[in-house]
Amino acid sequence: MIKIKFTVNSEEREIVTEPTRTLLSILREELGLTGTKEGCGKGECGACTVIMDGKPVPSCLVLACQLDGCEITTIEGLSENGNLDPLQKAFIEEGAVQCGFCIPGMIMSAKALLMRNPSPTEDEIKEAISGNLCRCTGYTKIVKAIEKAAKMIIHHG
Amino acid sequence: MKVYNPKNIKEALTYLGGKDTHILAGGTDLIVRIKDRDIYPKSIVNIKMLHLDYIKINGDFIKVGALTSVETLYRSEIINTYAPVLSDAVGKMGSPQIRNLGTIGGNIANASPAADTVPPLFVLNAGITLKSRRGKRAVAIGEFFTGPGENIIERDEFITEVVFKKMESDEVWFFKKLGQRKALTIAKISLAFGGRLSGRKLNEVSIALGAVASTVIYAKRTADFLNSKRLTRDVIDVVSKIIQKEIEPITDIRSTVEYRRKMAGALLKQGLLDIMYSVIARQS
């Protein structure tokens, strides 16, 4: 067992756990943050994407022993005081959600993109979500929603 | 499973040497292999804290720390300027998420015949620095691999650095990769090309192929044929047949002998035609 200190959604956390436990398992089973989904468990589908130190990563491939001092943002950390993130609003408005399972990962990949590049081109959006699979194949509306969120952020800050 | 979290290289080396000891760098291969029950490590050495994440210019050379992520390479101005063949290849690797975790050292150490950083590193004639308690040694990338998943790393060693010469302005290059899809794909075949061009004449040609043999390989005969040849349509037609005869690919889950042979010729032809036409455009 090891003790790790890290930040999840701006909240400092200190937990004692197995060093080989995945970040995904810690988020879902230890911290109750079940918005992050497990798809393939091998980094191929993107459903478990979270933002670690500003970068999107598959949380199924990050181990507890790599977490000390890291800053993690999950889908639960996007809304502020009950106000949804522009990405969340845009996904609802564009109807970019079908079964919904891939959406938390999609939004976290899109969030990481907009943090780095506030006005991405369509190709840049497609590249940013190239590691996220949507089995309902609803990509067109997802890309539109991300374009819309980028505009919302630029116009309203 | 015991996990060590060394704070420096010296400490890390004290944990190496035992059977079933694995090094955890980015984890994108190791963790999947553990989950798949493909390996059962007795201990894991997590090298995240060793400060091996850097890209430095040192005179005519570029030094890349083994723990530099693929995404860092992809976004690096230094790599883009001085090793564009590598820059192009890392942009075609995995997905943004995988590129953020995966490291150059890990891609080399895993010794996949389809590893995407390796054909460009062959063309750059990179040197791999290994450290152990016994000391330090450098091995040319062309002598590094011995089979699929196999390399010359001893149990008590690990990769600390990758070194290669800056590419110069008279050097031409390309990297081609074919897979099932664009993202998250393992190459059916990949080809990296480097050489010097004066007028339309090629020299110092180096060609490396991935996924057509048990390791990444040089296509030496093909490269020799091109040396001191003037790039013409005829030469390109002939050389695209020579490369198909030189390689000995196999049929496996990802592709067939026939496809790999044909595509080796097609990829080389495509890349060389692009070089030839850009020279003609510049001259006219």
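The aspartates and glutamates within cross-link reach of A:LYS37, meaning a Cα-to-Cα straight distance under 18 Å and a gap of 8 or more places when in the same chain, are A:GLU29, A:GLU76.
Largest accessible area first, the residues B:VAL163, A:VAL50 order themselves as B:VAL163, A:VAL50 under a 1.4 Å probe with ligands, DNA and RNA left out. Charged side chains reduced to their Cβ positions (Lys and Arg at +1, Asp and Glu at -1) give the protein assembly as shown a dipole of some 1100 debye around its Cα centre. Counting, for every residue in A:54-67, the Cβ atoms of other protein chains within 10 Å of its Cβ and taking the mean gives 6.
In a simple Cβ point-charge model (Lys, Arg +1; Asp, Glu -1; nothing else charged), chain A has a dipole of about 300 debye relative to its Cα centre. Largest GNM mean-square fluctuation across B:THR146, B:THR251, B:THR117, computed for chain B with C-alpha springs under 10 Å, falls on B:THR251.
Of the residues B:ILE207, B:ALA187, B:ALA266, the one whose Cα sits farthest towards the positive end of the charge dipole of segment B:136-284 is B:ALA266 (charges of +1 on Lys and Arg Cβ, -1 on Asp and Glu Cβ, taken about the Cα centre).
Computed over protein heavy atoms with a 1.4 Å probe, the carbon and sulfur contribution to the accessible area of segment B:1-115 reaches 50%. In the assembled protein chains, B:ARG233 presents an accessible area of approximately 120 Å² (probe radius 1.4 Å).
In segment A:103-120, burial by the other protein chains removes 30 Å² or more of 1.4 Å probe accessible surface, compared with the chain on its own, from A:ARG116. Ratio of Rg to Rh for chain A: 0.97 [Cα atoms; Kirkwood radius as inverse mean 1/r over pairs]. Mean Kyte-Doolittle of at least -1.0 and a Cα length of 15 Å or more along the axis: which whole DSSP H helices of chain A meet both? Qualifying helices, which must be both long enough and hydrophobic enough, are A:103-116, A:139-156. By accessible area, using a 1.4 Å probe on protein heavy atoms only, segment A:74-157 has 52% of its surface on carbon and sulfur. Taking a straight Cα-Cα cut-off under 13 Å and skipping sequence neighbours fewer than 8 places away in the same chain, the aspartates and glutamates within cross-link reach of B:LYS42 are B:ASP20. Modelled this way, with points 7 Å down the Cα-to-C-beta line, the labels at B:ARG282 and B:THR146 are 4.3 nm from one another.
For chain A, the mean residue ellipticity at 222 nm estimated from helices alone is -9000 deg cm²/dmol, where every DSSP H run of n ≥ 4 contributes -39500 (n - 2.57) and the total is divided by all residues, rounded to the nearest 500.
Across peptide B:87-97, the mean count of Cβ atoms from other chains lying within 10 Å of each residue's own Cβ comes to 5. Only lysines eight or more places from B:LYS63 in sequence, or on another chain, were considered; those with a Cα closer than 28 Å are A:LYS55, B:LYS7, B:LYS10, B:LYS48, B:LYS92, B:LYS131, B:LYS136, B:LYS165, B:LYS166, B:LYS176, B:LYS177, B:LYS220.
The residues of segment A:1-138 expose, per residue, 45 Å² of accessible area to a 1.4 Å probe. Inter-label distance, B:ASN58 to B:LYS136: 0.6 nm, where each label sits 7 Å from its Cα along the C-beta direction. When B:THR28, A:THR36, A:THR121 are compared by accessible area of protein heavy atoms, the largest-first order is A:THR121, B:THR28, A:THR36, using a 1.4 Å probe. For chain B, the mean residue ellipticity at 222 nm estimated from helices alone is -9500 deg cm²/dmol, where every DSSP H run of n ≥ 4 contributes -39500 (n - 2.57) and the total is divided by all residues, rounded to the nearest 500. Coordinate range of the alpha-carbon atoms in the protein assembly as shown per principal axis, descending: 68, 55, 43 Å.
With a 1.4 Å probe rolled over the protein heavy atoms of all chains, the accessible area of A:ILE154, B:ILE141, B:ILE280 falls in the order A:ILE154, B:ILE280, B:ILE141, largest first. The packing ranking of peptides B:180-192, B:54-66, highest mean first, is B:180-192, B:54-66, where packing means the average number of other beta carbon atoms within 10 angstrom of each residue.
Using a Gaussian network model of chain A whose springs link C-alpha atoms within less than 10 Å, name the residue from A:GLY43, A:GLY95, A:GLY35 with the highest mean-square fluctuation. Of A:GLY43, A:GLY95, A:GLY35, the most mobile in the Gaussian network model is A:GLY95. The P(r) of segment B:1-41 has a tail past 15 Å containing 45 percent of all C-alpha pairs. The B-A contact accounts for roughly 2200 square angstrom of buried accessible surface, both chains included, probe 1.4 angstrom. Taking all protein chains as they are arranged and a probe of 1.4 Å, the heavy atoms of A:MET115 leave approximately 110 Å² accessible to solvent. Using a Förster distance of 51 Å, how high is the FRET efficiency between A:GLU76 and B:GLU204, based on the Cβ-Cβ distance and rounded to 0.05? After rounding, the FRET efficiency stands at 0.40. Which residues in segment B:183-206 place their backbone N less than 15 Å from a point set 7 Å from the Cα of B:ASP274 along the Cα-to-Cβ direction? Only B:190-195 fall inside the zone, counting backbone N under 15 Å.
Interface residues of segment B:23-59, defined as those with an accessible-area decrease of at least 20 Å² between the chain by itself and the complete set of protein chains (probe 1.4 Å), are B:LEU24, B:ILE31, B:VAL32, B:LYS35, B:ASP36, B:ASN46, B:LYS48.
The values are calculated or read from the model by the stated rules, or taken from the named source; none is laboratory data. Just so it is clear, the structure is predicted and the values come from calculations on it, not from any experiment. Because the Cβ atoms are built from the backbone with ideal geometry, glycine has one as well, and the counts that use them run over all protein chains shown. Note: accessible area is taken over every heavy atom of the protein model, side chains too, but ligands, DNA and RNA are not part of it. Shrake-Rupley method; radii C 1.70, N 1.55, O 1.52, S 1.80 Å.
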